[in-house]
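Heads up: the structure comes next, in structure tokens.
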Protein chains: 2
Amino acid sequence: MKRFALYAASAAIAFTSTAAQADEGMWTFDGFPTERMEETYGWAPDQAWLDRVQAAAVRLTGGCSASFVSGSGLILTNHHCIASCLFDNSSDTMDYLDAGFVAQNREEELKCPGQQAEVVTSIADVTEEVKTSFAGLDGEALTKARDAKIAELESAGCPDTDTTRCQVVTLFGGGQYKLYTYRKYSDIRLAWAPEDRASTFGGDPDNFNFPRYSLDASFLRAYENGQPVATPQHLQWNPRAPEEGEVTFVVGNPGSTSRLYTQSQLAFEREVRLPVTLTTLSELRGRLITAMDESPEKERQGLDTLNGVENGLKVYIGRTKALNDPDFTAQLAEAEAELRQRSAGNAEIGDPWSAVDEATAAYRALYLPYRFLSPSGDLFGYASTLVYAAQEREKPNGERLPGYTDSALPLTEKRLLDERPVYPWLDELMMGWSLSKAREYLGVDDADSRLLLGQESPEALAERLVEGTQLADPAVRKALWDGGLAAIEASDDPMIRYALRLADRQRALRDAVNESYSGPLAIAGGKLADARFAAYGDSLYPDATFTLRISYGQVKGWEERGQQVPILTTMGGTFERATGAPPFDVAEAFAANQADIDPDIAFDFVTTNDIIGGNSGSPVIDRAGTVIGAAFDGNIHSLGGNYGYDGTLNRTVAVSTDAVQEALETIYPAPALAEELAGE
Amino acid sequence: MKRFALYAASAAIAFTSTAAQADEGMWTFDGFPTERMEETYGWAPDQAWLDRVQAAAVRLTGGCSASFVSGSGLILTNHHCIASCLFDNSSDTMDYLDAGFVAQNREEELKCPGQQAEVVTSIADVTEEVKTSFAGLDGEALTKARDAKIAELESAGCPDTDTTRCQVVTLFGGGQYKLYTYRKYSDIRLAWAPEDRASTFGGDPDNFNFPRYSLDASFLRAYENGQPVATPQHLQWNPRAPEEGEVTFVVGNPGSTSRLYTQSQLAFEREVRLPVTLTTLSELRGRLITAMDESPEKERQGLDTLNGVENGLKVYIGRTKALNDPDFTAQLAEAEAELRQRSAGNAEIGDPWSAVDEATAAYRALYLPYRFLSPSGDLFGYASTLVYAAQEREKPNGERLPGYTDSALPLTEKRLLDERPVYPWLDELMMGWSLSKAREYLGVDDADSRLLLGQESPEALAERLVEGTQLADPAVRKALWDGGLAAIEASDDPMIRYALRLADRQRALRDAVNESYSGPLAIAGGKLADARFAAYGDSLYPDATFTLRISYGQVKGWEERGQQVPILTTMGGTFERATGAPPFDVAEAFAANQADIDPDIAFDFVTTNDIIGGNSGSPVIDRAGTVIGAAFDGNIHSLGGNYGYDGTLNRTVAVSTDAVQEALETIYPAPALAEELAGE
């Protein structure tokens, strides 16, 4: 039977005992629970320790976390976080993803398209200003006023958008609004990456499992003006094995959690979103697997997409299991009942649960068109961004959609214009698949189906658009971006015409969602947060939002079907687990250097830190503040962590610095990097 | 909001009022609810009417229903029920499925591999004998004793297995056991079939939808000793349009329903079986779609499999929606609560619900290995049948597994030995897919995964077995069948070796399922049936079991999003709906003969009859006992019919005899058939 504590309940427990769930929490840096950690571990970091770590913590806009580990802009992250960079730099004659990459000198380091590194420099509370902006409003009027205020705050906070980025973050579903300011680095290059198989040994079957034998690590470097940036505030590299029971911190950007969802939101997940997602994504997986089987080129070209699909699918399968586990969901229901009971009679809180019920019911009716009216595929994505950017830039900053405000445009533009390969067969497959699923779920005779397809079949439409568009060429995208609305409206590119055809309806659906769902939720979320603060005090952590968090915990195994799972694996274990059949074939350089690899070196290890997707690449930091690993996964139980943390079972999986050091010295030698890490 | 009545509740209502749900029920011929129908319609058929219809009703062992419609063995069924026959007779140079088939004379009629037609000749109650056989037993001991008694009854009932088949049917989950005797015809040939597109116009998008434009009809003929059989007891062909409100009967073999499931069984469906099924089947669908896109040959060779997968998927998606609909499930829960309350204090009934809970909990632990230890693919299926048959035939009849008793062996042998094409790429795809899903769900380190895969990858293993086996050759299968256990054990065919490697574990899992699930359910099912009879009287219908049932209802549309759906479509509507893009392109012969097709002829129509998969091909019969259509589908709401019938929304979709007559005369001319149907 699974056990876990909810956010709210655990907070309550934490103040009365050294609870089993003491390691739960993805804490903001301005809300670290010092007292709570001291009660559990007899020690907690001081403000100077936290400041040092925050200054070295990196967010990668590709969706990962990382850390500076040298004074010259060197960044430690996961291999799977930079796989797209290797992929984008590859061609049918040079497959960096398969072969790995070691820059012999800095000049060789490879630019990573679309990638940007960001370090938090300040956090300011803007709750009052944002809440005041929409006081007395509801629905779409509320979201418009709120978004305008957010755009204004972001724009005012970061006048220099070349080196800074400002972002207002909504915490506790609307309970708090914080302005995060980042120092940003938009020229990110790849310095070192092992072979893909060294990182993905065990492949999808071993993903989210442990024991594990994965060298899921790599090094990037931040550049500015063609030079590596100086990063005096970096973490100290500490190549050593983890010790059982030692305190660990994971510092990174958990992508999102849904631990504050009400019962009706959870029901929507279980009854609607997850079944649709499992079904459609599984079909995409099948389409990709067979298509990639057609040739080595397609195998290479599709791999990055397939990895993403399979990873996502495993996550959604895990969430489905969690929400179909009666013990798990009973605890979620109990926690809500307790909060309701503690809030009873508080007139200021009222009944936000019913408001969420109503909003969620309205969202159910909008969900399928809202989901399916945006076809998949890079080329459609380019077209859609170009169309929206052209339309939105015509408006004052405060009236634009969130992705197109002054503070958001630079990254949108970078992602659009950076050169990346496009594979037409893959774009056709993605687009054809998503259009056929749209027709399936909306129905043949639905007006949105007809808008999407006209008289064409999904496959024929995808083929016509992909084969006819010029948007694979960055110069074409640049000309359309620079040409603005006039260029877009004059374009006869079929993908642009198609994106234009959908845009009005997409906007109407977004407005409808804001009116009946997002607007009401902004109010209800604020009241639910107030209820929690009133019931459990203010030392709480908000749901994850892909912003900087710190989690504390310890190196610790768990019990699986009566067996104790050890805290770590060793590099020698790789060779014992190998069968020779993919994905259980050892990487070439591992096989070639087997005699020289110390079999006893710690490879991967587990900790009790509370993490989720987006935390990938986060440094695992010891009490001394040195980095001893890079988190790259959770165990299978952690997949339920989207809804609630179970300290007895949920584990972070990390690759040890010891293993990375061994790889730098013996398997994928990079003596200059090793010296740099040693601070020599 | 959906409304439906449960079996039990509706039975209760039916005796107190002319309830909205009056058309619910898949009734056995020995339990037709004459009084209930009279209350609703002021008329009900007499015994002679029922006897005539029963004598003409055909079960097709391929999984469909049908009826005799001439004195010379002519059988009406759906096109999709004989698609496999067209497919099996096709080659890369002659695609009967695509082109359709009209036999110019009887000599040209095409043999249908594996197909057998069966007509019920008697139904005998053997409840006492079966129940006595396992009195005092439980678990696997119970299922063994029961199965031995069933084998004995079947063997004694049908000494002549060339022309008869006996089958003991478990009704009400163990409340009743009935011995069905069939006249069987094992030489079934195809006389007439339209083009596939005429039947599948609208394809998967329109499947389970209405309005619909599908000529899903075809004609088979039963042979014996090389001659058409005489079938004086056939239905009268009546080519006419249906009339709104007229009484209709659907007579056929609904495959299975789960309307008597308890709450814990429903929870298992929703929480475990359906999510696993949706996910794995969707991936298979994707694999097939892309593989078939590689060449016209693969497009043809994979179509029959893909159609089956997509149909199944739509069914499971519909069931998932039903079990995720809180209104729907609340009514299921209420019905159970009511039955429990009515049964309270009845010592003979006791608490079978808790017994089902316990059995279902045990089944959860066995489900994944039990499901995944039988790889997919025709060739593995042949190997497995050969291995089991060889092992089982060594035992006395009463000790054999159900599929291998004296009464079951003839059909098993026919299916094994009939010549059918095998496409190695398709078998590899199916087997590789199922093995990779097994590893995914069981886990890499699971003992069953290791048994299935050894050190091989799923794809490599599938390739080795499919490429190495000789079982595609019916002569090889015949030799191994005739050679018995000695031949099997001496065989070095890799697929036979593989089937042998899995057989022991499969048997152990089956025993475990019998011990902790099937055995206890046989007892609990009997008690639950007793509880229902005690609470609601004995005029109840059992869950569907792919045995002969009769449903009454009427020609009637329904209301969809505020719009009234008409009762029928016309043939002219096809051309209006056509877009030219598959699957909305009209069949060639439709296009060629458009000028001659009467646009006002009734095409497809809907009735309130309560049906489910397996009913495909069932005659739709009017009050006079003449056939006016062939049921081929349900509407989208009918998919929840697995768990409960909603008379306001659930509809049967049928192709009218009027449309078939027009096709016989104008589109796919078959004057001899038209004459035969007219009784000339």
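The values are calculated or read from the model by the stated rules, or taken from the named source; none is laboratory data. These numbers come from a predicted model, not from an experiment. Positions of Cβ are generated from backbone atoms using ideal geometry, with glycine treated the same way; all protein chains shown enter the neighbour counts. The area values use the complete protein model at the heavy-atom level, side chains included, leaving out ligands, DNA and RNA. Shrake-Rupley method; radii C 1.70, N 1.55, O 1.52, S 1.80 Å.
Applying 1/(1 + (r/R0)^6) with R0 = 30 Å to the Cβ-Cβ distance of B:ASP138 and B:SER256 gives a FRET efficiency near 0.75. Taking the label point 7 Å along Cα→Cβ, A:ALA365 and its counterparts in the other copies are spaced 4.7 nm apart, in ascending order.
When B and A come together, around 3000 square angstrom of accessible surface is lost from both chains combined, probe 1.4 Å.
Using the charge dipole of the stretch A:263-532 (Lys, Arg: +1 at Cβ; Asp, Glu: -1 at Cβ; taken about the Cα centre), state which of A:THR290, A:VAL422, A:ALA330 has its Cα farthest towards the positive end. The listed residue farthest towards the positive side: A:ALA330.
Comparing each chain alone with all protein chains together (probe 1.4 Å, DNA, RNA and ligands left out), the residues of the stretch B:452-466 losing at least 10 Å² of accessible area are B:GLN455, B:SER457. Extension gain, B:SER122 to B:ALA347: 0.36 nm times the residue separation minus the Cα-Cα distance gives 77.5 nm. Sorted largest first by accessible area at a 1.4 angstrom probe radius, with every protein chain in place, the residues B:ASP427, B:ASP511 fall in the order B:ASP511, B:ASP427. Summing charges over all other residues whose Cβ lies under 12 Å from the Cβ of B:GLU489, with Lys and Arg as +1 and Asp and Glu as -1, gives -2.
Candidate cross-link partners of B:LYS184 among the aspartates and glutamates, defined by an alpha-carbon separation under 13 Å and a same-chain spacing of 8 or more, comprise B:GLU118, B:ASP160, B:ASP162, B:GLU224. Per the Debye formula on identical point scatterers at the alpha carbon atoms of chain A, with no solvent, log10 I(q)/I(0) at q = 0.05, 0.06 Å⁻¹ is -0.22, -0.33.
For the stretch B:253-347, the orientation-averaged shadow of the C-alpha convex hull comes to 8.4 nm² (one quarter of the hull surface). Stokes-Einstein diffusion for the stretch B:387-436 at 10 °C, viscosity 1.306 mPa s, with a Kirkwood radius from C-alpha pairs, works out to 123 µm²/s. Ranked from largest, the principal axis spans of the Cα set of the protein assembly as shown equal 98, 68, 68 Å.
With a cut-off of 13 Å between beta carbons, the residues surrounding A:GLY71 carry a summed charge of -2, where Lys and Arg count +1 and Asp and Glu -1.
Once all Cα-Cα distances of the stretch B:595-671 are split into 10 Å bins that start at 0, what whole-number percent is in each one? Pairs per bin, as whole percents: 19, 42, 28, 10, 1. Considering the stretch B:520-620, its Cα convex hull presents a mean projected area of 11.2 nm². Kirkwood analysis of the Cα pair distances in the stretch A:118-160 returns a hydrodynamic radius of 11.4 Å. Rolling a 1.4 Å probe across all protein chains gives A:PHE219 an accessible area of roughly 0 Å².
Shortest first, B:ASN593 label-point distances to identical copies amount to 7.4 nm, with the label point at 7 Å from Cα along Cα→Cβ. At 1.4 Å probe size, with every protein chain present, just tell me what the per residue accessible area of the stretch A:263-532 comes to in Å². Solvent-accessible surface per residue comes out at 39 Å². Other residues whose C-beta falls under 11 angstrom from the C-beta of A:VAL513 contribute a net charge of 0, scoring Lys and Arg +1 and Asp and Glu -1. Exposure check, 1.4 Å probe, all protein chains in place: A:CYS64 carries approximately 20 Å² of accessible surface.
For the stretch A:455-522, rounded, prolate or oblate, judged on the Cα gyration tensor with a ≥ b ≥ c (square roots of eigenvalues), a/c < 1.5 rounded, else prolate if a/b > b/c? Taking the square roots of the gyration eigenvalues as a ≥ b ≥ c, the stretch A:455-522 is oblate.
With viscosity 1.002 mPa s and temperature 20 °C, the Kirkwood radius over alpha carbon pairs of the stretch A:59-144 converts through Stokes-Einstein to a diffusion coefficient of 129 µm²/s. Computed from point charges on the beta carbon alone (+1 for Lys and Arg, -1 for Asp and Glu), the dipole magnitude for the stretch A:263-532 about its Cα centre is near 320 Debye.
Beyond 35 Å, the tail of the calculated P(r) for the stretch A:263-532 holds 27 percent of the Cα pairs. Each 10 Å bin from zero holds the following percent of Cα-Cα pairs in the stretch B:443-482: 27, 34, 27, 12.
Using a 7 Å projection from Cα along Cα-to-Cβ, the label point at A:TRP43 is separated from the same position in the remaining copies by 9.2 nm, smallest value first.
Over what distance in Å are the Cα centres of the stretch A:315-367 and the stretch A:460-499 separated? Value for the Cα centre distance between the two parts: 43 Å. The stretch A:160-188 and the stretch B:142-187 have Cα centres spaced 73 Å apart.
For chain A, the membrane-span-like helix rule (DSSP H, alpha carbon extent of at least 20 Å along the helix axis, mean Kyte-Doolittle at least -0.5) picks out A:139-157, A:274-292, A:352-372, A:378-392, A:424-442, A:494-513, A:519-536; this says nothing about an actual membrane.
Once neighbouring chains are kept in place and the probe is 1.4 Å, which whole percent of the accessible area of the protein assembly as shown is contributed by carbon and sulfur? Exposed carbon and sulfur together represent 48 percent of the surface. On the rotation that sends chain A to chain B, the chain A Cβ lying closest to the axis gives residue and distance in whole Å as A:GLY286, 1. Across the options A:GLY308, A:ALA522, A:LEU502, the greatest Cα extent toward the positive end of the charge dipole of the stretch A:263-532 (unit charges at beta carbon of Lys, Arg, Asp, Glu) belongs to A:ALA522. Measuring heavy-atom accessible area with a 1.4 angstrom probe and counting protein chains only, the residues of the stretch B:272-289 that give up at least 50 Å² relative to the chain alone are B:THR279, B:SER282, B:GLU283, B:ARG285, B:ARG287.
Lysine pair count for the stretch A:298-449 with Cα-Cα distance under 28 Å and sequence separation of 8 or more or different chains is 6.
In a simple Cβ point-charge model (Lys, Arg +1; Asp, Glu -1; nothing else charged), the protein assembly as shown has a dipole of about 2140 debye relative to its Cα centre.
Based on alpha-carbon centroids, what's the gap between the stretch B:238-272 and the stretch B:285-309 in Å, whole number please? What the calculation gives is 30 Å, centre to centre.
Partners of B:LYS556 within straight-line reach, counting lysines whose Cα lies under 20 Å from its Cα and excluding those fewer than 8 residues away in the same chain: B:LYS2.
Rounded to the nearest 500, the 222 nm mean residue ellipticity of chain B from helices alone is -14000 deg cm²/dmol, with -39,500 (n - 2.57) taken per DSSP H run of at least 4 residues.
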